[in-house]
Amino acid sequence: MSAVLVMAILLPLLGVAGGRLLARTRGVAGLAQGGAVLTGLAFACAVAVTAATAFDGPVSAVLAQDGRAIAGFYANRIGALLLLLVLGVSAVVQVFAGRYLHGDDRAPRFFAATGLLTSATATVACSATLIGLAIGWTLSGVALILALGLYTQMPAAREGVRRTIRAFTIGDAALWAAVAIATITWGGLDMRRLGDGTTLSGHSEALAVVACLLVIAALARCAQLPFQGWLPVTLAAPTPVSALLHAGIVNAGGILLVRMSPLFGASTAATGIAFTAGAATTVYGTTLMLTKPDVKGALTHSTMGQMGFMIMTCGLGAFAAAIFHLVAHGMYKATLFLGSGSAVTRLVRHEHAPPAPRLTPAARAWVIAVCAVAPAALIAGLLLISIVPVQSAHASAAPLLFAWATSAWATWGWLNRHATARGVLVAMGVLLVVLGAYVTALEAFTRYMEPALRGAGTATVSSLWLIVVVALLGAITLIRLSPPLARLGEWHRTLYVLALGAGQAVTPARVRGTGARGTQPVVRPNPAAATTGVRS
């Protein structure tokens with residue numbers, strides 16, 4: 001099984017050579033076929049590794065000296081699951097890119113960068129040493145920059161590459177500083193033994209410094225405040241690059257914090273910084289997402305907010321919940337980006353749909369109350385009947401609150417058009433099934449990941465702070481509800497304009513305009529435009 005693990009990590013890189021051989025006779029289709037086939041084989045190897053970790057324990061392929069790993073790969077249940085995500089998304093994106101980049105002379109560069117990016121990200125997920133993880137981290141950043149620079153003749157692409165290099169340089173410098181301090185203090189860190197309670201004994205000052213440096217590296221890679229400026233200016237990249245970026249590379253910060261959880265979770269300062277930055281970015285990204293008139297711009301700020309939620313969850317010490325969110329977000333966001341080209345069709349369908357009936361003030365208040373109370377009551381009921389044990393519910397407070405907020409917003413969308421007793425019954429039935437499946441899956445996932453997280457540190461940030469974050473998120477959703485709330489005053493219009501201006505501040509006018517092929521902005525309906533005078 002050790003050889004299978006090595007194949008799962010290195011086959012995507014070998015796919016570059018295989019694709020070039022097929023490209024001599026089949027062009028771009030051959031490039032895509034070679035990369036996708038070998039990445040698919042790597043995915044099959046990852047499935048075998050996942051089965052082995054589930055039944056027989058971790059799989060390792062290392063070079064060791066005196067029992068300590070000096071190089072190699074190590075996959076426990078966390079690493080195997082992340083390997084499935086990385087390889088699965090990469091294979092699908094390469095198949096999509098074979099059609100998307102047909103006739104484009106930059107296709108060979110894209111597939112070479114994708115092979116390097118896939119293997120490097122897999123290395124981050126499964127390296128047996130901290131130094132190997134840092135090498136994979138840096139190589140994945142280099143590969144992403146190569147992919148982002150496919151259309152360097154465009155000012156927008158050059159600006160995106162410049163900002164990405166600047167943010168990644170800061171993050172990588174922080175990570176390598178952490179590696180140097182950790183190596184000097186404890187020797188080469190063996191990731192297999194990181195949570196055994198003896199590797200990190202003593203040197204509390206060094207531990208705090210290393211943990212804070214790891215947080216800085218994670219924030220830079222995940223586009224968190226104050227490093228958020230690079231992600232919104234990468235929209236000039238082709239859609240396959242955006243899919244790889246938003247479904248994979250930005251998740252690296254969460255992967256780093258989870259894999260280093262015994263060290264990161266032991267530092268009060270590091271967990272506090274992570275939670276604060278994640279919470280601030282969640283609010284910031286969500287606010288800008290609601291004001292973005294273009295589809296890819298909205299998806300970009302949605303990713304920023306989702307990564308903030310993931311980092312915030314790590315700050316709470318709920319590492320299993322963070323992985324659950326990471327995997328779900330990766331698959332979901334890859335689907336959205338690969339399907340962003342059909343947004344025009346969806347927009348036309350939306351414009352031709354019959355308008356939602358106007359609700360009276362009393363009916364609107366009743367609908368809002370149902371949307372807020374019903375999902376909370378259903379989740380509380382699921383907790384009381386022990387579908388999710390109380391201790392697990394405390395550790396999973398962040399995803400449960402996320403489920404409540406998402407359910408409340410979805411219920412609003414339904415009841416806004418079906419504000420009848422029958423509509424409420426339908427909504428409650430659907431919510432009961434979906435929320436039951438969600439919390440059951442979350443609990444099963446937490447139990448499955450428990451053996452791999454036994455050595456994780458216990459973060460000290462109180463989950464009560466989530467109430468503040470959720471309250472802020474609830475307040476900013478009024479941006480989307482501004483037309484029916486126009487009589488409440490001018491404050492919501494001012495908030496909308498400020499959020500729109502903040503989004504433009506990170507996308508200078510000199511780099512805005514038409515992107516690469518397939519990346520022209522698709523305008524969405526803007527409910528606030530009617531009351532602000534701002535055209536979308």
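Please work out if I255 is assigned to a helix (DSSP H, G or I), under 13 Å from the mean Cα position of the chain (by Cα), modelled with pLDDT of 90 or more and closer than 20 Å to I170 by Cβ. Steps first, answer last, please.
On the way: assigned to a helix (DSSP H, G or I): yes; under 13 Å from the mean Cα position of the chain (by Cα): yes; modelled with pLDDT of 90 or more: yes; closer than 20 Å to I170 by Cβ: yes.
Yes, satisfied.
Please go through the stretch 279-320 and pick out each residue that is in contact with a Leu (Cβ under 7 Å, 6 or more places away or on another chain) and more than 13 Å from Q228 (Cβ to Cβ).
Once the filter is applied, which keeps residues that are in contact with a Leu (Cβ under 7 Å, 6 or more places away or on another chain) and more than 13 Å from Q228 (Cβ to Cβ), the stretch 279-320 yields T291, K296, G297, L299, M310, C314, F319, A320.
Conditions (1) within 28 Å of Y284 (Cα to Cα); (2) part of a helix (DSSP H, G or I); (3) modelled with pLDDT of 70 or more, marked per residue:
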site	(1), (2), (3)
G429	no, yes, yes
L435	yes, yes, yes
Y438	yes, yes, yes
E443	no, yes, yes
A459	yes, no, no
V468	yes, yes, yes
A471	yes, yes, no
P483	yes, no, no
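Take T169 and decide whether it is among the β-branched types (V, I, T), surrounded by fewer than 17 Cβ atoms within 10 Å (Cβ to Cβ), out of contact with any Gly (no Cβ under 8 Å at 6 or more places or on another chain) and touching a residue at least 12 places away in the same chain (Cβ under 8 Å).
Spelling it out, it is not the case that T169 is among the β-branched types (V, I, T), surrounded by fewer than 17 Cβ atoms within 10 Å (Cβ to Cβ), out of contact with any Gly (no Cβ under 8 Å at 6 or more places or on another chain) and touching a residue at least 12 places away in the same chain (Cβ under 8 Å).
Being open to solvent by 40 Å² or more (accessible area, probe 1.4 Å) and either on the phi > 0 side of the Ramachandran plot or of a type in the set (K, R) (or both), is that true of even one residue in the stretch 96-104?
yes
Please determine whether any residue of the stretch 49-60 is part of a loop (DSSP other than H, G, I, E, B) and not β-branched (V, I, T).
Taking every residue of the stretch 49-60 in turn, at least one turns out to be part of a loop (DSSP other than H, G, I, E, B) and not β-branched (V, I, T).
Inside the stretch 292-320, can you point out the residues that are among the polar types (S, T, N, Q) and open to solvent by 10 Å² or more (accessible area, probe 1.4 Å)? Talk me through it step by step, then tell me what you get.
Here is the first cut: in the stretch 292-320, the ones among the polar types (S, T, N, Q) are 300, 302-303, 306, 313.
Once the filter is applied, which keeps residues that are among the polar types (S, T, N, Q) and open to solvent by 10 Å² or more (accessible area, probe 1.4 Å), the stretch 292-320 yields S302, Q306.
Here are A398, A393, A362: which of them is open to solvent by 60 Å² or more (accessible area, probe 1.4 Å), modelled with pLDDT under 80, small (G, A, S) and part of a helix (DSSP H, G or I)?
A362
How about the stretch 112-125: which of its residues are open to solvent by 10 Å² or more (accessible area, probe 1.4 Å) and more than 19 Å from the chain's Cα centre (by Cα)?
A112, L116
I need a count of the residues in the stretch 427-452 that are of a type in the set (D, E, K, R) and under 13 Å from A408 (Cα atoms).
0
Can you name every residue in the stretch 264-277 that is over 22 Å from the mean Cα position of the chain (by Cα) and among the hydrophobic types (A, V, I, L, M, F, W, C)? Steps first, answer last, please.
So the first thing to find is which residues in the stretch 264-277 are over 22 Å from the mean Cα position of the chain (by Cα), and the list is 266-269.
Within the stretch 264-277, A266, A269 qualify.
From the list A266, A270, A274, A237, pick out the single residue that is in a loop (DSSP other than H, G, I, E, B), in contact (Cβ under 8 Å) with a residue 24 or more places away in the chain and open to solvent by less than 10 Å² (accessible area, probe 1.4 Å).
Just a single option satisfies the conditions, and that option is A237.
List the pairs whose first member sits in the stretch 429-458 and is closer than 21 Å to G317 by Cβ and charged (D, E, K, R), whose second member is open to solvent by less than 30 Å² (accessible area, probe 1.4 Å) and in a helix (DSSP H, G or I), and whose Cβ atoms are under 6 Å apart, counting only residues at least 6 apart or on separate chains?
E443/S392
Is there a residue being open to solvent by 10 Å² or more (accessible area, probe 1.4 Å) and outside any helix (DSSP H, G or I) anywhere in the stretch 282-291?
no
Scan the stretch 418-427 residue by residue and report those that are surrounded by fewer than 14 Cβ atoms within 10 Å (Cβ to Cβ) and outside any helix (DSSP H, G or I).
Passing the criteria: only T420.
What do you reckon, is D196 among the acidic types (D, E) and touching a strand residue (DSSP E or B) at 6+ places or on another chain (Cβ under 8 Å)?
Here the answer is no, as D196 does not meet what is asked.
Of the numbered conditions (1) farther than 27 Å from A211 by Cβ; (2) surrounded by fewer than 24 Cβ atoms within 10 Å (Cβ to Cβ), L148 fails exactly one; give the number of that condition.
(2)
Anything in the stretch 81-95 that is farther than 14 Å from A44 by Cα and either of a type in the set (D, E) or open to solvent by 20 Å² or more (accessible area, probe 1.4 Å) (or both)? List them, or say none.
Within the stretch 81-95, V95 is the sole residue that qualifies.
Going by what's in this entry, would S119 be described as touching a residue at least 12 places away in the same chain (Cβ under 8 Å), over 20 Å from L336 (Cβ atoms) and small (G, A, S)? Steps first, answer last, please.
Numbers: touching a residue at least 12 places away in the same chain (Cβ under 8 Å): yes; over 20 Å from L336 (Cβ atoms): yes; small (G, A, S): yes.
For S119, the condition - touching a residue at least 12 places away in the same chain (Cβ under 8 Å), over 20 Å from L336 (Cβ atoms) and small (G, A, S) - is met.
Output the residue which, of all residues in the stretch 428-443 that are within 21 Å of the chain's Cα centre (by Cα) and of a type outside the set (S, T, Y), is most open to solvent (accessible area, probe 1.4 Å).
Filtering first and then ranking leaves A441.
Determine if the stretch 180-198 includes at least one residue that is of a type in the set (G, A, S), over 25 Å from T118 (Cβ atoms) and modelled with pLDDT of 85 or more.
yes
Scan the stretch 201-216 and give yes if some residue there is in a helix (DSSP H, G or I), touching a residue at least 60 places away in the same chain (Cβ under 8 Å) and under 16 Å from G308 (Cβ atoms), otherwise no.
Checked the stretch 201-216: at least one residue is in a helix (DSSP H, G or I), touching a residue at least 60 places away in the same chain (Cβ under 8 Å) and under 16 Å from G308 (Cβ atoms).
The values are calculated or read from the model by the stated rules, or taken from the named source; none is laboratory data. Computed from a predicted structure; not experimentally measured. Cβ: placed from backbone, ideal geometry, glycine included. Neighbour counts: every protein chain shown. Accessible surface is based on the protein model in full, side chains and every heavy atom, while ligands, DNA and RNA are left aside. Shrake-Rupley method; radii C 1.70, N 1.55, O 1.52, S 1.80 Å.
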